[in-house]
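So the structure is just underneath, and the comments pick up after that.
Just so you know, all these numbers are worked out from the coordinates, no wet-lab data involved. This structure is a prediction, so every number in the text was calculated from the model and none was measured. Note: ideal-geometry Cβ built from the backbone for every residue, glycine included; neighbour counts use all protein chains shown.
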Amino acid sequence: MDTTNRALSPTGDPFLLTPGPLTTSLTVKQAMLHDLGSRDKGFIALNARVRTRLVDIIHGGEAFTCVPLQGSGTFSVEAMIGTFVPRDGRLLVLVNGAYGHRIVKMCAYIGRDCVVEETPENVPCDPAAVDRRLAADAGITHVVVVHCETTSGVLNPIAELGMVVAKHGRRYLIDSMSAFGALEVDARAIAFDAVVASSNKCLEGAPGMGFCLARKSALADCAGNAPSLSLDLYDQWVAMEKTAQWRFTPPVHCILAFDQAIEEFLAEGGVAGRGGRYRANCKILVDGLRALGFEPLLPDAIQAPIIVTVKMPADPRFDFPVFYDRLSAAGYVIYPGKLTVADSFRIGCIGRLGAAEMNAALGAIREVLADMGGIDCRAA
Ligand SMILES: *Cc1c(COP(=O)(O)O)cnc(C)c1O
């Protein structure tokens with residue numbers, strides 16, 4: 001393909017239509033052009049502002065605190081499980097994709113008793129099944145759900161599930177990594193003890209840190225639970241409240257970028273504005289793919305506006321690695337699938353992308369398909 005037509009972001013990079021790392025704004029990247037000491041007054045104020053604004057996103061008020069943590073999002077998920085589920089607890093993991101399976105694996109590593117309620121990757125977690133499960137097993141102390149299962153892009157009903165968990169008097173934990181900032185997580189409406197997300201997905205900061213928004217009264221009971229020093233959210237919280245410092249070297253540049261990213265998130269109208277842009281991106285993408293003959297995996301009603309899974313065309317001339325390489329040469333990076341129910345690939349609609357980029361990406365897809373000899377995009 002003629003690379004003079006290559007689309008580029010303002011820094012000359014391809015656009016990332018992936019589940020993370022994501023395309024960030026120029027101003028978010030520029031915010032990182034500083035070195036700050038961890039004891040610097042400006043840094044301490046910045047850190048406090050980021051924490052407060054994150055609590056505000058869930059309307060957490062005085063009841064919630066934000067505990068940030070170094071590392072990618074997975075570190076925060078593991079920290080939440082290890083800190084909140086006590087050594088003699090039992091965790092019910094609602095699984096419908098790879099991120100649910102990853103939590104089950106964490107439980108094996110850190111020695112937490114866990115049981116699984118599983119639905120296929122293209123089916124949301126089922127509140128009625130969770131209801132029956134909790135009624136049958138009084139030993140389950142905690143339930144964890146993945147908000148948007150990024151494996152397929154399916155939206156799980158976190159509010160309905162939360163009502164079932166509350167009815168049985170169990171504790172509720174949420175991995176909202178790929179949805180936080182674009183889809184509402186309202187602490188006034190859903191009774192959860194903790195939700196985790198990261199700096200680089202829908203909040204559009206740089207990757208490198210996660211955070212847990214924790215109910216203070218629940219976190220206060222978690223001393224001594226964590227099987228890992230560096231992933232102990234209770235210890236990180238207590239130390240940060242006492243000293244206003246991170247326990248270990250803070251990801252200063254990541255926090256600088258995150259503060260700017262949150263500023264831009266608020267300027268866009270918060271969850272309503274950010275979610276609105278992603279919903280528009282998702283609609284352009286799904287409509288455009290269907291018009292080309294592709295078959296998205298999910299019906300619109302359970303498709304979260306985060307990432308779209310597309311069934312692999314049955315046409316033997318469609319070679320995914322070639323398709324991927326040519327699209328990436330045109331300036332659009334997509335993502336392979338990781339489904340077990342169907343051969344697929346994925347295209348994200350989050351990050352600093354709007355209607356212009358989504359339409360241009362569809363244009364590039366159309367050209368690549370033509371270059372490949374006019375592919376019939378229908379799935380088997
Ligand atoms: C991305 C993601 C994670 C893990 O985040 P990393 O930053 O890749 O470690 C966890 N859960 C969900 C639902 C995700 O989408």
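Shape analysis of the stretch 196-239 places it in the prolate category; the axes a ≥ b ≥ c from the Cα gyration tensor give an a/c of at least 1.5, with a/b above b/c. Projected onto its three principal axes, the C-alpha set of the stretch 43-92 covers 38, 25, 15 Å, listed from the longest axis down. Using a Förster radius of 30 Å, what is the FRET efficiency between ALA129 and GLU268 based on their Cβ-Cβ separation? Nearest 0.05, please. Computed FRET efficiency for ALA129 and GLU268: 0.20.
With the biggest extent put first, the Cα atoms of the stretch 217-280 measure 45, 26, 19 Å across the principal axes. Among ALA370, ALA257, ALA129, the largest mean-square fluctuation in a Gaussian network model of the chain (Cα springs under 10 Å) belongs to ALA370.
Working out 0.36 nm times the residue gap between ARG188 and SER328, then minus their Cα-Cα distance, what length gain in nm do you get to one decimal?
Details: separation 140, 0.36 × 140 = 50.40 nm, distance 4.28 nm.
Net length gain for the segment: 46.1 nm.
Holding the Cα-Cα limit at 32 Å, pick out from LYS105/LYS216; LYS201/LYS242; LYS29/LYS283; LYS167/LYS338; LYS41/LYS201; LYS41/LYS216 the pairs that are longer than that. Please report the intermediate quantities before stating the final value.
Details: LYS105/LYS216 27 Å; LYS201/LYS242 30 Å; LYS29/LYS283 28 Å; LYS167/LYS338 34 Å; LYS41/LYS201 28 Å; LYS41/LYS216 26 Å.
Pairs exceeding the cut-off: LYS167/LYS338.
The ranking of THR151, THR11 from fewest to most other beta carbons within 10 Å of each one's beta carbon is THR11, THR151. Neighbours of ILE58, meaning other residues whose beta-carbon lies under 10 angstrom from its beta-carbon, give a summed charge of -2 when Lys and Arg score +1 and Asp and Glu score -1. Annotation note: trypsin sites (Lys or Arg not before Pro) in the stretch 95-185 located in DSSP loop regions with a Cβ neighbour count of at most 11 within 10 Å are absent.
Please say if the stretch 144-246 is rounded, prolate or oblate, where rounded means a/c under 1.5 for a ≥ b ≥ c the square roots of the C-alpha gyration tensor eigenvalues, and otherwise the choice is prolate for a/b larger than b/c and oblate otherwise? Taking the square roots of the gyration eigenvalues as a ≥ b ≥ c, the stretch 144-246 is oblate. Once the Cβ-Cβ distance of ALA291 and ILE44 is raised to the sixth power relative to R0 = 45 Å, the FRET efficiency obtained is 0.30. Its Cα centre serving as origin, the stretch 26-267 has a Cβ charge dipole (Lys and Arg +1, Asp and Glu -1) of approximately 480 debye.
Only alpha carbons enter this Debye calculation for the stretch 26-267, each as an equal point scatterer, and the log10 of I(q)/I(0) it gives at q = 0.08, 0.14 Å⁻¹ is -0.28, -0.86.
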